[in-house]
Amino acid sequence: MLRFSVLKTNYRSAVVCCLLLALCSLLLAPIQSKSQVKYEMEAQAIGTTNGVVPFWMRSNQYGSIPITGASTSFLGRAVKEYNFKSDSLNHRKLWDWGMGFEARINSNVKNNEFILTEGYLKGKLGPFEIKAGRSKETMGLTGDSSLTSGSFAISGNALGIPKIDISIPKYFKLPILSGVISLKGSFSHGWIGTTPTNDTINKVPMLDNFATTYFHQKSLYGKIGKPSWRINLLGGINHQVFWSNEAKLYGKGYSLTPFGTFMHVVTGRPYGNEVIPRSKIGNQLGSIDGSFELRLNKLILVGYRQNIYDVGALFRLANLRDGLNGLSIRNLSNTKSNLTWNTIVFEVLNTTNQAGETWSKLTNSGDEDYYNNYFYLQGWSYSESSLGTPFITLKRDAREGLTTDPNDRFVNNRVTVFHLGTEISLNQWRLKAKLSTSKNKGTFATSEGGRSRGSERFPPRYGVFSAKHQTSAYTKAVRQLKNGMSFMVVVAIDRGGLLYDSYGMLLGLSKSFY
C-alpha cells in the first residue's frame, strides 16, 4: 500500500529560498533592462513504499531528489537566457550574458536539507562562452538528454561540480568548405572539495583536510554537414580527471611540480620513475563518441555510440564490447491529433567486458573496474551520487546481503541494460515514460575469474556475485494550467534482485513569473 507521510513543513527554509531568489533579482535588475528573467516556484511531495525512492524517480535528477522515504520539497528558480539564438552565426548582438539559479529545500521526518542545484553566471562573445558556478550539464553524444539512460562520463545524475568553463557551446561553422565542418568544445577547471584518498605510504585510507581535489574537464566535437542536408555526421571525445593530491599519495618519490602535474593531467600523459610505477595522474575517464543525424520527411533519426575508457584498455581496443549504443526517433509532423508521439529512444548499455575476461586482450592495467579508483576512494562520484550512468551501482543503493568487496565504492559495474524512453502528447498532457531492464554481475573483484593486472589474476576474496536482474519503470505527466501554473505527477516502480522493491509517486505544482 502506498503511503504518504505527513511531514512538518520547514517554513524557515522555504522563506530562505524565496529571499535568495529576491536577492538575486535585485542584484541583476540594473542590467536586465532589455531582457527578462524567468522566475519559478514549485512545491513537491514524494510518497514511497519500503522507505526507498524508486530508481528512475531519483536518477539523472542532478542529485536533488531525496533517496529515502517520503518527503516534501520547495524549489525556487531564476533563469536568464541569451537574447539571441545561440546557434545562429548571424545574431544581432556580439555579446550577451545569462544566469541560472535553483535552490531546493527537502524535508522529511528525520532531517531537512538545503541544496543549491544551480548557481552560475555566464557571458558570451561571438561563439565563445565563459561560465562560472554550478550548472546542470551532461557530457557525451545522445539522442535526447531527458530520455536517455545516461552518458558514461557525466549523465546529470549528480550535482554539478563548481567550475570555471571556457567553451564554444554550440556547433560553430568553420569558414572553410562553405561551412560544411562545425566544431564545439570546452575546457574547465573545477573544485571537488576534500576527498578520501589512499595513503600509499602508510597503506591506510585518509581524509586529506589540507588539499582540495580538483576537477579537469575538456571536450572537442565536430559535425560534418549542413542543416539542409539529409544526413549529418558527428563525433568527438571528452576527458575528465580528479587530481591534485598526488604529492601526498606518492610521498617523497614524487618529483612533479604542481604545474607539471597539471600538464600531465591535461595531456593524459603517464608518469613514473624508479620508485613510482608508471601510470596516468589522477582518476581519468571519458568517452569517444560517434553519431549520425538522418532527416526524413517527417522524422529525425539519431544513432549514436559512446566508446568508454577508464584506465586505458580502449587504446588497445581491448574493451570495444563495452559502450552505450542508442537510436532516437523524433516526430516532426504537425498533426493536431489528441494523441501524438514526439520522441522514442532505444538504448543498449554494456560494461561487462572491461578487458578483464579470461579471454580478453591483455593490458598492463588489467580490468578497467569502471568508476572505482585505488587512489581516489570515492571513485567516480560527487556529493554521494554517481557522476556517470546510474546503472553502475553505489554500495549505498544496492540491497544488503549482496556479495561485495569492501574496497569497492561501486559494487556493481558489470551491467547489460536495455532501455526504452518515449515522450507523447495526450490532449493537454505531456507524458514521458522510461522502462529499463538490466542484468547485473557485480565487479571483477567478485567474479569467478577475479581481478586482473596484466597476465596476473587475483581470485575473489569475498565470494562471487550471482547475477541479478532488475526492472525499473517511470511515467511523468505534466499539464500546463492557467496563469503560468503547471501540475506534475510522477509514478515509478522497481522490481528485481539488485535494488529494493519500491513503488513511488511524486506530485508537483509550480508557478512561473516573467
Output the strands (runs of 3 or more DSSP E) that fall wholly within the stretch 199-307 and possess 3 or more residues being modelled with pLDDT of 95 or more and within 29 Å of S151 (Cβ to Cβ), or say none. 213-224, 231-243, 283-295
L249 being touching a residue at least 60 places away in the same chain (Cβ under 8 Å) and within 19 Å of the chain's Cα centre (by Cα): no
Of (1) open to solvent by 70 Å² or more (accessible area, probe 1.4 Å); (2) within 30 Å of I231 (Cβ to Cβ); (3) within 16 Å of the chain's Cα centre (by Cα), G388 satisfies every one except (1)
Tally of residues being part of a loop (DSSP other than H, G, I, E, B) and either farther than 30 Å from W341 by Cα or among the small types (G, A, S) (or both) across the stretch 114-144: 5
Taking the residues in the stretch 447-497 that are free of Cβ contacts under 8 Å to residues at least 40 places away in the same chain and aromatic (F, W, Y) as candidates, determine which candidate is nearest to Q44 (Cα to Cα). F487
Which of the residues that make up the stretch 319-335 are open to solvent by 10 Å² or more (accessible area, probe 1.4 Å) and either in contact with a Phe, Trp or Tyr (Cβ under 7 Å, 6 or more places away or on another chain) or in contact (Cβ under 8 Å) with a residue 12 or more places away in the chain (or both)? L320, R321, N325, G326, L327, I329, R330, N331, L332, S333
Of the residues G251, G312, only one is surrounded by 15 or more Cβ atoms within 10 Å (Cβ to Cβ) and at positive phi; which? G312
Residues within the stretch 461-512 that are touching a Lys or Arg at 6+ places or on another chain (Cβ under 6 Å) and among the small types (G, A, S), tallied: 3
Of the numbered conditions (1) in a strand (DSSP E or B); (2) among the hydrophobic types (A, V, I, L, M, F, W, C); (3) at pLDDT 95 or above; (4) open to solvent by less than 30 Å² (accessible area, probe 1.4 Å), L147 satisfies every one except a single condition; which is it? (1)
Considering every residue within the stretch 53-66, establish whether at least one is assigned to a loop (DSSP other than H, G, I, E, B) and more than 30 Å from T471 (Cβ to Cβ). no
Among the residues of the stretch 340-354, which ones are in a loop (DSSP other than H, G, I, E, B) and open to solvent by less than 10 Å² (accessible area, probe 1.4 Å)? T351, N353, Q354
Is there any pair with a first residue in the stretch 400-411 that is over 17 Å from E384 (Cα atoms) and outside any strand (DSSP E or B) and a second that is open to solvent by less than 20 Å² (accessible area, probe 1.4 Å) and among the small types (G, A, S) whose Cβ atoms are under 7 Å apart and which are 6 or more apart or on different chains, and what are they? T403/G442; D405/A445
What number of residues within the stretch 409-428 satisfy the criterion of being open to solvent by 20 Å² or more (accessible area, probe 1.4 Å) and either basic (K, R) or farther than 30 Å from S337 by Cβ (or both)? 2
The correct count of residues that are modelled with pLDDT under 95 and among the polar types (S, T, N, Q) in the stretch 405-445 is 4
Please enumerate the residues belonging to the stretch 391-423 that are over 19 Å from Q61 (Cα atoms), among the polar types (S, T, N, Q) and out of contact with any helix residue (DSSP H, G or I) (no Cβ under 6 Å at 6 or more places or on another chain). T404, N407, N412, N413, T416
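The values are calculated or read from the model by the stated rules, or taken from the named source; none is laboratory data. Note that this is a predicted model, so its numbers are computed, not measured. Ideal geometry is used to build each Cβ from the backbone, glycine not excepted, and the neighbour counts take in all protein chains shown. Note: areas computed on protein heavy atoms with side chains; ligands, DNA, RNA excluded. Shrake-Rupley method; radii C 1.70, N 1.55, O 1.52, S 1.80 Å.
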